[in-house]
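A.B. asks: Below is the structure I would like to discuss, written out as structure tokens.
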Amino acid sequence: MEYKSILDRIEEQKKVEDLSVKLFRYAGLIQAIEFFSQKLNFEQIIEAGFDFVNELLTIGRSAVFVLEGDSYVLRKIKGFDNAVSTIKNNDKLQSFALLNGSLIFDRALLKEFFDEEILDAYSISVFMPLIIESTLFGFIFISNKTTGPLNDEDYIISEALIKLLNNALENYRSYEQLQKANRELDEKIFNLFAINQSSKALLSELSLDSLYSLSVDVFSELTQNSITGFVLYDEKSEKHVLRAFKDICYTCMDAQISLTLNKGARIDANKVIIKLCDERDAQYFNDIFIEGAGVLAPLRPDYIILLIKNNTIAGFVTLGQSITGTEYKHSMFELIESLASSTYIALSNAMLFKQVNEQKKMIQGKLDKLITLNNLMKNINSSLDVDTLIDITLKTLEVSFFVEKAVFALYDKEKNAFNLYRTLNIETAEKEIAVNGNWKRVMEGDRIYRVGEAAVFDYMGEKLASDIDVSPGIVIFPIYIDRVEIEVLGVLIVFKYKNTAIDDTENMITLETVAGHIAPAISNLFTIEAQKKFLLPNYTELFKKDLTEAIEETFEVLNKLEVFYICDKRDLLFKDNAIIDRLKGSFRNVYPFTQNNIFIINMYELDADQKIELITGTEDIAVRKMVLGKDFNNLQEFLALF
């Protein structure tokens, strides 16, 4: 009985011990669940997981490995000396999470993943994989317990622990991804805000020079790089020219850079960012531009962001090393691409605005010229004599059409030469231009244009050409009437403009229009001058009318009124009387009824008697003076005197 009772007590004690072990393990599992439910990082999970495995399974020898690069590196070890510290990753281990993913107790199965050397070194009984999604991030080798080999309960606890550890690793990865996503989202929000504000600033600026500087400042501030360059295509030089740059270290104070686009190069519209330390990227840039990336050395570029629109390179932005020395993030390049697009739009708007202003200015200039030309035409039409017409024309051409040197000449058919009528900014003693063989086309009504001083000598003669001095060329505008045949009346000759070339098409058309409008006006004035010789006014009726008005005016203002009758007894039947012209030069109201009978009405001249005596001064001329209020009081009384 005593022996049986002893056995019963031993059995009871074993049951108690087994129960206490189970309670210890379950309590440990609860603590492990509570611990691994917290927010932990990777290192904390590995360290604590290894400790919980050793503690709950009472492991004597074990080791934990973690993936670093292309190898699994020993992180912690227990009970081993001089063990293998690095295990090379291989295809089997890479696919373990997908194909196996659970505990391994069979040594034969472990041989598929590890060498015999490693299996012997660690006497592996249990392989516990640490898995995140589809990647084996590490594993724990278990050799034996402190109290003997592992049993079924140990395997159950191992399964529970490895699931707990892997869940903790999954939670860690998910949290890290969430944190990363939040950071990226914050960056995107900031980038969107930066793009919005920067785009507003860029799009509100319409001055190209200010826009170049603003663009560099925007890229420099947002990318935080040491030196930023802005290169844009220049239509005049047909090169890509450095417009602005900013070096926050002030190591580059001045840079003159221009690149020539290789027209035969293929441009990839999807390749916007070029990393110059990459050989393929650098070669791509060198293929695009003839001078290559070497010419950009003063800007010390690490990256180049191309501005590509319609499969052409409008320009590019260079980024130097970041101020912090770190690599640019992917989100930064997204920001740069968006800014580059906004910058291109802003530049396009500014260029179009400049073009519109230039066109507006040009159109306004043309309108002003048309208005001036229209006014000149009116003045030409209203000119009463040739002198006034030519003076107005030359003055308008000088002031409004910027003619610096010109000549206006009238054609003398009898001499077959052009008489110099007026000159503009030319001093010469010459009076005429001889017509030689060079003038044939002018006499046919064609405009002549020749470049060079030699042309001036060919048309103007040596003396007059020397007086004209420096001239870039000559343009001759014939003034002619096209009736049955060409009738040349004169020429307008231009030698120099103040601010435009002698061959400016617009000026040629304008002056040709002026010459064409002058021709009929001059022709009409010549006709009027000729007709004046044949059509004399009715001086008798004019005299009666003016004398009646003068008598009325004299009575109103109590002024004096004298009438002189000059009788020239000379024989002037087919001759002009020169005395008439001299009298008209001295008196306002002269009435030559005939060459021999002349009347003068005088209201203002005090010494009229002496003037008439000086002008006439011959015995063949008799002068009779009649005074209002003394010799007559009205027109009828005056007429009764004769």
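The values are calculated or read from the model by the stated rules, or taken from the named source; none is laboratory data. Keep in mind that what you see is a predicted model, and the values were worked out from it rather than measured. When we count neighbours, we look across all protein chains shown, and the Cβ atoms used for this are built from the backbone with ideal geometry, even at glycine. For the accessible areas, the whole protein counts, side chains as well, though only heavy atoms, and no ligand, DNA or RNA atoms are used. Shrake-Rupley method; radii C 1.70, N 1.55, O 1.52, S 1.80 Å.
A.B. asks: Going by the structure shown, is I528 outside any strand (DSSP E or B) and without any contact (Cβ under 8 Å) to a residue 24 or more places away in the chain? Give the derivation first.
C.D. replies: Details: outside any strand (DSSP E or B): yes; without any contact (Cβ under 8 Å) to a residue 24 or more places away in the chain: yes.
Here the answer is yes, as I528 does meet what is asked.
A.B. asks: Restricting attention to helices (runs of 4 or more DSSP H) lying wholly within the range 367-474, give those where 2 or more residues are under 17 Å from V488 (Cα atoms) and of a type in the set (V, I, T).
C.D. replies: Where helices (runs of 4 or more DSSP H) fall fully within the range 367-474 and carry at least 2 residues being under 17 Å from V488 (Cα atoms) and of a type in the set (V, I, T), they are 386-400.
A.B. asks: Sort out which residues of the range 69-92 are surrounded by 12 or more Cβ atoms within 10 Å (Cβ to Cβ), in contact with a strand residue (DSSP E or B) (Cβ under 7 Å, 6 or more places away or on another chain) and over 24 Å from D51 (Cα atoms), and write them in order of number. Write out each step before concluding.
C.D. replies: Taking the range 69-92 as the starting set, the residues that turn out to be surrounded by 12 or more Cβ atoms within 10 Å (Cβ to Cβ) are 71-80, 83-85, 87, 89-90, 92.
Adding the requirement that they be in contact with a strand residue (DSSP E or B) (Cβ under 7 Å, 6 or more places away or on another chain) leaves 71-80, 83, 85, 87, 89.
If the condition is that a residue be surrounded by 12 or more Cβ atoms within 10 Å (Cβ to Cβ), in contact with a strand residue (DSSP E or B) (Cβ under 7 Å, 6 or more places away or on another chain) and over 24 Å from D51 (Cα atoms), then N89 is the only one that fits.
A.B. asks: Residues of the range 459-485 being of a type in the set (F, W, Y) and in contact with a Gly (Cβ under 8 Å, 6 or more places away or on another chain), which ones? I'd like the intermediate steps shown before the answer.
C.D. replies: Restricting attention to the range 459-485, the residues satisfying the condition of being of a type in the set (F, W, Y) are 459, 477, 480.
The answer is Y480, and nothing else.
A.B. asks: Also: Could you list all residues from the range 52-68 that are open to solvent by 40 Å² or more (accessible area, probe 1.4 Å), over 14 Å from Q31 (Cα atoms) and touching a residue at least 40 places away in the same chain (Cβ under 8 Å)? Break it down into steps so the answer makes sense when it comes.
C.D. replies: Looking only at the range 52-68, we keep the residues that are open to solvent by 40 Å² or more (accessible area, probe 1.4 Å), and these are 52, 55, 58, 61, 67-68.
Checking the rest, the ones that are also over 14 Å from Q31 (Cα atoms) come to 58, 61, 67-68.
T58, R61, L67 - these are the residues of the range 52-68 that are open to solvent by 40 Å² or more (accessible area, probe 1.4 Å), over 14 Å from Q31 (Cα atoms) and touching a residue at least 40 places away in the same chain (Cβ under 8 Å).
A.B. asks: Just the residues that are open to solvent by less than 60 Å² (accessible area, probe 1.4 Å) and of a type outside the set (A, V, I, L, M, F, W, C), please, taken from the range 473-486.
C.D. replies: Once the filter is applied, which keeps residues that are open to solvent by less than 60 Å² (accessible area, probe 1.4 Å) and of a type outside the set (A, V, I, L, M, F, W, C), the range 473-486 yields G473, P478.
A.B. asks: Right, another one. Would you kindly identify the strands (runs of 3 or more DSSP E) lying entirely within the range 80-181 that contain at least 1 residues that are not assigned by the TED database to the domain that holds G49?
C.D. replies: Once the strands (runs of 3 or more DSSP E) in the range 80-181 are filtered for at least 1 residues that are not assigned by the TED database to the domain that holds G49, nothing remains.
A.B. asks: Still on this structure, please answer the following. Any chance you could count how many residues in the range 412-437 are surrounded by fewer than 14 Cβ atoms within 10 Å (Cβ to Cβ) and either under 49 Å from the mean Cα position of the chain (by Cα) or outside the structural domain of I522 (by the TED database) (or both)?
C.D. replies: The total comes to 1.
A.B. asks: Look through the range 93-103, keep the residues that are of a type outside the set (A, V, I, L, M) and in contact with a strand residue (DSSP E or B) (Cβ under 8 Å, 6 or more places away or on another chain), and return whichever of them is least open to solvent (accessible area, probe 1.4 Å).
C.D. replies: First, pick out the residues of the range 93-103 that are of a type outside the set (A, V, I, L, M): 94-96, 100-102.
Within this subset, residues satisfying the condition of being in contact with a strand residue (DSSP E or B) (Cβ under 8 Å, 6 or more places away or on another chain) are 94, 96, 100-102.
Numbers: Q94: 107, F96: 1, N100: 67, G101: 33, S102: 56 Å².
Only one residue fits best here, namely F96.
A.B. asks: Any idea how many residues of the range 334-360 are of a type in the set (F, W, Y) and surrounded by 17 or more Cβ atoms within 10 Å (Cβ to Cβ)? Lay out the reasoning, then the answer.
C.D. replies: Taking the range 334-360 as the starting set, the residues that turn out to be of a type in the set (F, W, Y) are 344, 353.
Next, only the ones that are surrounded by 17 or more Cβ atoms within 10 Å (Cβ to Cβ) stay: 344.
Residues that pass the stated criteria total 1.
A.B. asks: Going by what's in this entry, would L214 be described as assigned to a helix (DSSP H, G or I) and without any contact (Cβ under 8 Å) to a residue 40 or more places away in the chain?
C.D. replies: Numbers: assigned to a helix (DSSP H, G or I): yes; without any contact (Cβ under 8 Å) to a residue 40 or more places away in the chain: yes.
So L214 passes the test.
A.B. asks: Looking at (1) open to solvent by 40 Å² or more (accessible area, probe 1.4 Å); (2) part of a strand (DSSP E or B); (3) in contact with a Ser or Thr (Cβ under 6 Å, 6 or more places away or on another chain), can you tell me which one F230 breaks?
C.D. replies: Tallying (1) open to solvent by 40 Å² or more (accessible area, probe 1.4 Å); (2) part of a strand (DSSP E or B); (3) in contact with a Ser or Thr (Cβ under 6 Å, 6 or more places away or on another chain), F230 fails exactly one: (1).
A.B. asks: If you scan the range 182-206, which residues turn out to be open to solvent by less than 60 Å² (accessible area, probe 1.4 Å) and either assigned to a helix (DSSP H, G or I) or touching a strand residue (DSSP E or B) at 6+ places or on another chain (Cβ under 6 Å) (or both)?
C.D. replies: E187, N191, A194, I195, S198, S199, A201, L202
A.B. asks: Out of the residues in the range 262-286 that are over 23 Å from I336 (Cα atoms) and not basic (K, R), state the one that is modelled with the lowest pLDDT.
C.D. replies: Result: G264.
A.B. asks: Tally time: how many residues in the range 289-327 are open to solvent by 30 Å² or more (accessible area, probe 1.4 Å) and outside any strand (DSSP E or B)?
C.D. replies: Result for the range 289-327: 16.
A.B. asks: I would also like to ask the following. I need the full set of residues from the range 207-219 which are over 21 Å from I313 (Cβ atoms) and buried (at least 23 other Cβ atoms within 10 Å of the Cβ), in order please.
C.D. replies: Once the filter is applied, which keeps residues that are over 21 Å from I313 (Cβ atoms) and buried (at least 23 other Cβ atoms within 10 Å of the Cβ), the range 207-219 yields nothing.
A.B. asks: Please name all residue pairs, on different chains or six or more residues apart, with Cβ atoms under 8 Å, provided the first residue is in the range 159-184 and is over 19 Å from P129 (Cβ atoms) and the second residue is open to solvent by less than 50 Å² (accessible area, probe 1.4 Å).
C.D. replies: Taking only residues 6 or more apart or on different chains, the pairs are E184/S331.
A.B. asks: Return the total of residues in the range 132-164 being hydrophobic (A, V, I, L, M, F, W, C) and farther than 25 Å from A121 by Cα.
C.D. replies: Quick first cut of the range 132-164, residues hydrophobic (A, V, I, L, M, F, W, C) only: 132, 136-137, 139-142, 150, 156-157, 160-162, 164.
Remaining after also requiring farther than 25 Å from A121 by Cα: 132, 156, 160, 164.
Qualifying residue count for the region: 4.
A.B. asks: Condition first: among the β-branched types (V, I, T) and modelled with pLDDT of 80 or more. Now tell me which residues in the range 239-260 satisfy that. Lay out the reasoning, then the answer.
C.D. replies: Filtering the range 239-260 down to residues among the β-branched types (V, I, T) leaves 241, 248, 251, 257, 260.
The answer is V241, I257, T260.
A.B. asks: OK, next. With within 60 Å of the chain's Cα centre (by Cα), farther than 29 Å from N89 by Cα and either open to solvent by 40 Å² or more (accessible area, probe 1.4 Å) or at pLDDT 80 or above (or both) as the only criterion, which of Q38, Q31 stands out? Lay out the reasoning, then the answer.
C.D. replies: Details: Q31 fails: within 60 Å of the chain's Cα centre (by Cα).
Answer to the check: Q38.
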